[in-house]
Each structure stands twice: as structure tokens, then as C-alpha cells.
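Encoded as C-alpha cells, the structure appears first; notes follow it.
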Amino acid sequence: MSVTAAPPSAIPNDISSVIEADRAHVWHHLLPHKPLETTDPRIIVEGKGMRVWDATGKEHLDAVSGGVWTVNVGYGREEIADAVRDQLVKLNYFANSAGSIPGAQFAEMLIDKMPGMSRVYYSNSGSEANEKVFKMVRQISQLRHGGKKYKVLYRERDYHGTTITALSATGQPQRAAQYGPYTPGFVEVPHCLEYRNQFPDAEDYGIAAANAIEEVILREGPDTVGLLCLEPITAGGGVITPPPSYWPRVQEICKKYDVLLHIDEVVCGVGRTGTWFGYQHYGIEPDFVTMAKGVASGYAAISCTVTTEAVFEMFKDDVSDPLHYFRDISTFGGCTAGPAAAIANMNIIVRENLLENTIAMGERFVNNLQGLAEKHRVIGDVRGKGLFCGAELVADRATKEPADEKKVQAVVADCMAQGLIIGATNRSLPGFNNTLCFSPALISTADDIDEITAGVDKALTRVFS
Ligand code: PLP
């Protein structure tokens, strides 16, 4: 990777005091802090396009869109900053019990991309957007099913957020460990990663994995199960692209047992996989869709819980019941910066044909990774959809024993030393934190994709030979 002497604008003179302030006072996300006592915290100072610069002036090619699949349209978009600024000086905030101009306009734009959907509920994070669904389903259970149909099914290896209730729906055990007791009524169904087929005797793995959901519904009692909550493609759990027969069968099962279907598009939403939403690859008709990260590419905090008119109508049914409507508010769901940024973000995706680019660059990326698999036996499986790709590393291709976690982390660290930021499966998956994860911005060029591949090639060679 190219290393420049300084980022596009100079590092502030007082950067060492910034580093000290960070070390003294900031509690970073997801990190064990003991090692930070002896190393400098990593501070990212500036970003432009696909690249970021850290406090030492080192340039990094960002192959994970801000670390966690967020900066879909790339860094330094003045058009989004201008839209946010213009909106903030006009009206920064009013509680969303009143409407706002950007709130209404973005809702209309969004629904236009989501046939079958009709209503948008604004909040601030993916976790919160998912919690709204869980609350709505519990209330529907009260309004329609005598309180009985309240259970939520979630899938092994999926993740839906960080609050206690969202953690109750996590299929990544160490994420939730030590934070219990959890919210009752959440039940796990098996994952659908074909490479690690849990139903080896089945003729069709996708059908078998979907049928396993039906078994759980029957075991729990169909009249107790209100919601099935799934990522369209599992993200932090290992970039799991479901087999083709999986989704149609899942939809059929939901219809059969009157179970509402919630697709968590917090990662896949707004272009990441080359369609507006991940579920649109599979012809599914969800009842709820949630989204956050790419909605405004991290230029402002915004999340959306989107649902159908049929669901919305249930909250208008019995006006004689004073509790019949959705009695929920998210204070900052009334911030206008979010929808203002989201409108500009969506305009950029359309104008620059970023969905088409994502499909083309995603195919190139998967081909490149398959090329690496021919050279590096440690790559057991390559998966991907659009600019959302993964390479699962194994100690032995025959047994599929996962590669040593320390070596997987060494690949990530080697890339980082080269000036290339990549990711790996969430460390909370004991035994399965062995998938390298890539999600570069939707503006990636062929050169960017080849540069990422070359960096990973070097790292794999150094770590595994
Ligand atoms: N859903 C999925 C699929 C996610 O990957 C995440 C976060 O990574 C969330 C929900 C939670 O989003 P947030 O961190 O914005 O609360």
C-alpha cells in the first residue's frame, strides 16, 4: 500500500495530546484494553474516497467501510455534509410525533425502493430498529392473539444488536455471555451455512435448513411464535450466503404458521450486496425490514424500521382500547440530520450507478478470492454477494477444522501493517472466528479490488508459509 508522509490535510499539531486524552479517557468498542496500556491507540484522522489516514500520517485502504460495513459511498462526500449543514441551520430537531421535510421525503424515496412496504419508523441504531420490531410483535400478540404469540425465533450465528433484548436474539454466544439474564421468549434456529452443513443426509441443504425452522415452530407451538428474525446474509457470523432453495421455503413456513418475517438489513441494506436490499435477491416478501449502517453511510446516525400497511393497520384496529397504538418514541429519531444525509446518500448511489458497480466489483472480488484459494490451501471456502465477501480459513481442507484464531488475527494484523484494513468473523464465535471479511465501499474500482487482493495474498503467504 502506498504510504504518504501526511494525510491530505495536515495532522493537528496537538495530536500527541489527543492520543493521551484518548488513552486516558476513551473506552473503545469491542477491545480488550490491557494491550492499549503499552501501545498507542489507533486514531483515524481523515478519510477520502476509499482511504483513511491515521494519527501517524499513515494511509490505509479501507476494505471494511469504516470497520463495520458502514461508509457505503466512501469518505469525504461534501454533498452529504452540505445537505446536513443546510438542514441543521434550518431545523435541527423536532420530536418525530411531528413530521419533518427530510423525514417525509426520505421515507417516500425509501418506500419507492421497497415494493410491498409502506411505513418507516425512525430511530438511531440497528439495535434500536430491531427492538422496535420486537416491541411491535409483542403488542400485536396482545392486540390480536391474547398475548400468546409473542416468541421470536432468531438464527444461530446471526447478530441483531447490543441492547439486552437484541442480545437475547443473538446467535453468537460470547457476545451475549455475562450480560444475562436475558429477555424471555427468544428461541434459536440452526444456521444455514452450506459449507458447514448440519444436515449432511439431506438431498437439498437449503430446504433442510429451512425445515429446521419449521421443527422449532412446531416444538414451541405455532400459536406462540410471532416472529422470525433473520439477516438476509449473515454478516459478522461469517458472510453466510444462504443456499438458493432456503428463502422460498422459509417464506412458505412463515405464511403457513402466521409467523411475521423480519429481515435485518442493518449490514446488507442500501446497496451493499448490489440490490437496494439483500432480501431482494431472493424474492422474499418480508413484514418488517430494519436498516441502519449504510442508510446515511455514517454521515449521520439514522436507522429505520420499515413495515407493511397491513402491520401498520393492526395498530389502528381497536380505538376503544386506549393502549392500541404504538406508544414508543426515540428522542433522536427526530434529528433531521439523519434523513437529510440519507437522501443525499441515496442520490449518490443512483447518480453514480453504485448498485451496478457493486455487482461488477463484487464478482471481480469473488473471482480474485477464488484465485487466492487455488494458491493458498488455508482458504476452505469463498462466499459473497456484491461487495460483501468472505474467505473462510481452515487448518485442513478435508476436515474443515477452523484455522487457528491467532493466525487469522495475524493475517488481519499483517494487512494493517501494509496499510490495508480488513476484518474477520466476530471473535465471539468460538471455533468459527476464522473467516476473513471484506466490505469495501460501493465506489470500489477494479484497481482497489486488486490492491486488496494483493495485500491479502501477501499476508496469507507470510502467516501460513
Ligand atoms: N444487525 C446487524 C446484522 C448488525 O451487524 C448490527 C451491528 O453490527 C446490528 C444489527 C446492530 O446495529 P447497531 O450497532 O447500529 O446497534
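Within the range 35-46, the residues that satisfy the criterion of being touching a residue at least 24 places away in the same chain (Cβ under 8 Å) and more than 15 Å from HIS25 (Cα to Cα) are VAL45, GLU46.
Taking each residue of the range 192-210 that is touching a residue at least 40 places away in the same chain (Cβ under 8 Å) and looking for partners that are of a type in the set (A, V, I, L, M, F, W, C) and in a helix (DSSP H, G or I) with beta-carbon atoms closer than 6 Å, six or more apart or interchain, yields CYS192/ALA209; ALA210/VAL250.
Can you tell me how many residues in the range 441-458 are aliphatic (A, V, I, L, M), touching a helix residue (DSSP H, G or I) at 6+ places or on another chain (Cβ under 7 Å) and buried (at least 22 other Cβ atoms within 10 Å of the Cβ)? Count: 5.
Listed here are the residues, each with its yes/no results for (1) under 17 Å from the mean Cα position of the chain (by Cα); (2) at pLDDT below 95.
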position	(1), (2)
GLY226	no, no
LEU230	yes, no
PRO244	no, yes
VAL259	no, no
GLY278	yes, no
GLY283	no, yes
PRO286	no, no
THR290	yes, no
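Against the criterion of being under 24 Å from LYS48 (Cβ atoms), charged (D, E, K, R) and either in the same structural domain as MET50 (by the TED database) or not in a loop (DSSP other than H, G, I, E, B) (or both), ARG364 qualifies. Might you let me know whether the range 212-221 holds any residue that is outside any loop (DSSP other than H, G, I, E, B) and in contact with an Asp or Glu (Cβ under 7 Å, 6 or more places away or on another chain)? No, because not a single residue in the range 212-221 is outside any loop (DSSP other than H, G, I, E, B) and in contact with an Asp or Glu (Cβ under 7 Å, 6 or more places away or on another chain). Annotation note: of ALA129, ALA83, ALA104, ALA95, the sole residue that is crowded, with 17+ Cβ neighbours inside 10 Å and more than 16 Å from the ligand (Cβ to nearest atom) is ALA83.
Please verify whether VAL137 is touching a residue at least 60 places away in the same chain (Cβ under 8 Å), more than 16 Å from the ligand (Cβ to nearest atom) and farther than 21 Å from VAL216 by Cβ, treating the condition exactly as stated.
Working: touching a residue at least 60 places away in the same chain (Cβ under 8 Å): yes; more than 16 Å from the ligand (Cβ to nearest atom): yes; farther than 21 Å from VAL216 by Cβ: no.
Criteria not met by VAL137.
When the range 394-440 is filtered for residues that are in a loop (DSSP other than H, G, I, E, B) and crowded, with 18+ Cβ neighbours inside 10 Å, the ones remaining, listed by number, are ALA403, GLY419, ILE422, THR425, ASN426, SER428, LEU429, PHE432, ASN433, ASN434, SER439, PRO440. The residue list ALA166, ALA176 contains one member that is of a type outside the set (D, E, K, R), within 15 Å of the ligand (Cβ to nearest atom), modelled with pLDDT of 95 or more and buried (at least 17 other Cβ atoms within 10 Å of the Cβ), which is ALA166.
Checked against (1) under 30 Å from VAL239 (Cβ atoms); (2) surrounded by fewer than 19 Cβ atoms within 10 Å (Cβ to Cβ); (3) of a type outside the set (S, T, N, Q), TYR75 passes all but a single condition, namely (2). All conditions but one from (1) under 23 Å from ILE111 (Cβ atoms); (2) part of a loop (DSSP other than H, G, I, E, B); (3) under 12 Å from the mean Cα position of the chain (by Cα) apply to GLY238; the one that does not is (1).
Of the conditions (1) within 15 Å of the ligand (Cβ to nearest atom); (2) surrounded by fewer than 24 Cβ atoms within 10 Å (Cβ to Cβ); (3) of a type in the set (Gly, Ala, Ser), GLY236 clears all except one; give me its number. Failed condition: (2). VAL408 meets all of the listed conditions (1) in contact with a Leu (Cβ under 6 Å, 6 or more places away or on another chain); (2) farther than 24 Å from THR170 by Cα but one, namely (2). Restricting attention to the range 2-56, the residues that are surrounded by 14 or more Cβ atoms within 10 Å (Cβ to Cβ) and either at pLDDT 85 or above or among the β-branched types (Val, Ile, Thr) (or both) add up to 22.
Yes or no, residue by residue, for (1) closer than 30 Å to LEU460 by Cα; (2) surrounded by 18 or more Cβ atoms within 10 Å (Cβ to Cβ):
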position	(1), (2)
PHE326	no, no
GLY333	no, yes
LEU369	yes, yes
GLU374	yes, no
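Pairing each residue of the range 233-258 that is touching a residue at least 12 places away in the same chain (Cβ under 8 Å) with any residue that is small (Gly, Ala, Ser) and in a loop (DSSP other than H, G, I, E, B), provided the two are 6+ apart or on different chains, yields C-beta distances under 8 Å for GLY237/GLY171; TRP247/GLY283; PRO248/GLY283. Among the residues of the range 348-361, those identified as over 14 Å from GLY74 (Cβ atoms) and either assigned to a helix (DSSP H, G or I) or under 21 Å from the mean Cα position of the chain (by Cα) (or both) are VAL350, LEU355, GLU356, ILE359, ALA360. Taken together, GLY76, GLY49, GLY67 contain a single residue that is within 16 Å of the ligand (Cβ to nearest atom), touching a residue at least 24 places away in the same chain (Cβ under 8 Å) and either touching a strand residue (DSSP E or B) at 6+ places or on another chain (Cβ under 8 Å) or under 24 Å from GLY333 (Cα atoms) (or both), which is GLY67.
The values are calculated or read from the model by the stated rules, or taken from the named source; none is laboratory data. From a predicted model like this one, the values you see are computed outputs, not experimental measurements. Positions of Cβ are backbone-derived with ideal geometry, glycine not excepted, and every protein chain shown enters the neighbour counts.
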